[in-house]
1. Can you pull out every residue in region 225-262 that is of a type outside the set (Val, Ile, Thr), within 11 Å of the ligand (Cβ to nearest atom) and assigned to a strand (DSSP E or B)?
2. Mind counting the residues in region 201-224 that are away from the ligand (no atom under 13 Å from the Cβ) and buried (at least 18 other Cβ atoms within 10 Å of the Cβ)?
3. Kindly provide the set of residues from region 183-200 that are surrounded by 14 or more Cβ atoms within 10 Å (Cβ to Cβ) and either acidic (Asp, Glu) or in a helix (DSSP H, G or I) (or both), ordered by number.
4. Which of the residues that make up region 117-137 are touching a strand residue (DSSP E or B) at 6+ places or on another chain (Cβ under 9 Å) and open to solvent by less than 60 Å² (accessible area, probe 1.4 Å)?
5. Determine which member of the set 21, 56 is surrounded by 13 or more Cβ atoms within 10 Å (Cβ to Cβ), in a helix (DSSP H, G or I) and out of contact with any strand residue (DSSP E or B) (no Cβ under 9 Å at 6 or more places or on another chain).
6. Residues of region 305-330 being in contact (Cβ under 8 Å) with a residue 24 or more places away in the chain and farther than 24 Å from residue 190 by Cβ, which ones?
7. So the check is Cβ under 7 Å with 6+ separation or different chains; which pairs have a first residue in region 176-204 that's closer than 24 Å to residue 323 by Cβ and modelled with pLDDT of 95 or more and a second one that's hydroxyl-bearing (Ser, Thr, Tyr) and within 11 Å of the ligand (Cβ to nearest atom)?
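The values are calculated or read from the model by the stated rules, or taken from the named source; none is laboratory data. This is a predicted model, so every value here is computed, not measured. All Cβ positions, glycine included, derive from the backbone under ideal geometry; neighbour counts span all protein chains shown. For the accessible areas, the whole protein counts, side chains as well, though only heavy atoms, and no ligand, DNA or RNA atoms are used. Shrake-Rupley method; radii C 1.70, N 1.55, O 1.52, S 1.80 Å.
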Amino acid sequence: MDIDAVKNALIQELDAVRAAGELEALRAKYLGRKGVLADLTGSIPSLPPEQRGAFGKRVNELKASMAALFDEKQRALGIAPAGRAAEMPDMGMPGIAQDVGRLHVLTQTINEICDIFVRMGFLIVDGLEVETEYNNFTGLNIPLEHPSREAFDTFYLKDLDAAALGRPASDGKLLLRSQTSSVQISVMKERKPPLAVVAPGRVYRPDAVDASHSFMFHQIEGFLVDKDVKFSDLKGTLEFFAKAVFGQDIRMRFRPHFFPFTEPSAEIDISCIICKGKGCSVCGKKGWLEILGSGMIHPNVFTNVGYDPKKYTGFAFGMGVERIAMLKYGINDIRLFYENDLRFLRQF
Ligand code: DAH
């Protein structure tokens, strides 16, 4: 059987086809189990061995061109291609999941805390991470001989002083801020009371890294200055905050403490959120968890920024974001925050 003749016959017959039924009949005639192509393939074994290869190859080519001719006709008739059902997407297959990103748990914690203070009328301010000795220490009434000023407690920028930031050289060396309390000074130097500010951000200390220390961590500073601000305002504000973060049923206590920039000063504890105050391993059997430092802003701080301490009073507080997140979510190692292990981060 002549292969070219078969192809030409098919072309002619296809030309006459007008409907899907006719097309399928023709497909059976040529490509079906007992069709023309099958006959051709079946005749191969009866050929002389030296002709079989070449003939087989031509049969294969014929098969491919016949399939193309049928497809072409099918498209021309506007009929769905054969086997369409098999090509339909399988609606039961699992989809290709889009990996949706999320905010880092520390960012979430910062946002949650700042939102609470914004609801009370506080303004969020971004401070500088490279600061002067003045804003980080001197302005905050931290004396020159205070140990936190030593190079083993603070990162100093080599050979740079305040002039590099456009500040008076008397503002001292440049450093990586060791506390967000520096924002108290930079904001108060620029604005007049009344003001209520929260300042979240990174702080740096040359601590050896372990489960509870890191050379970089995050703090949120808060402060409020106005006429007639009282210690009870501080208490009310912090109680609102602590209950919003840790639950309405927690208890709070103010423990006397010392900070150079506040007088009086207090550390704030909440009743242990794990054992509710009975004493467990998380609170070290004390029943209380320390969450932040606070106090009434020291008159010397007001004088340093040009406020009249007889006219204004105010309170300030500062907390570690990692600490709050660790307590809230039961995280036992600070390093988990910085390792970018998705198995950890995806939980929040
Ligand atoms: N800056 C303090 C620290 O890093 C925290 C702090 C304590 C901030 C008392 C305050 C405060 O504003 O009043 O340990």
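1. Across region 225-262, the qualifying residues are 257, 258, 259.
2. So the answer is 1.
3. 183, 184, 185, 186, 187, 188, 189
4. Across region 117-137, the qualifying residues are 117, 121, 122, 125, 127, 130, 131, 132, 133, 136, 137.
5. The unique qualifying residue is 56.
6. If the condition is that a residue be in contact (Cβ under 8 Å) with a residue 24 or more places away in the chain and farther than 24 Å from residue 190 by Cβ, then 320, 321, 322, 323, 324, 325, 327, 328, 329, 330 are the ones that fit.
7. Filtered contacts from region 176-204: 178/148; 199/180; 201/180; 203/178; 203/180; 204/178.
Yes/no per residue for (1) at positive phi; (2) within 33 Å of the chain's Cα centre (by Cα):
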site: 242; (1), (2): no, yes
site: 258; (1), (2): no, no
site: 268; (1), (2): no, yes
site: 272; (1), (2): no, yes
site: 284; (1), (2): yes, yes
site: 288; (1), (2): no, yes
site: 293; (1), (2): no, yes
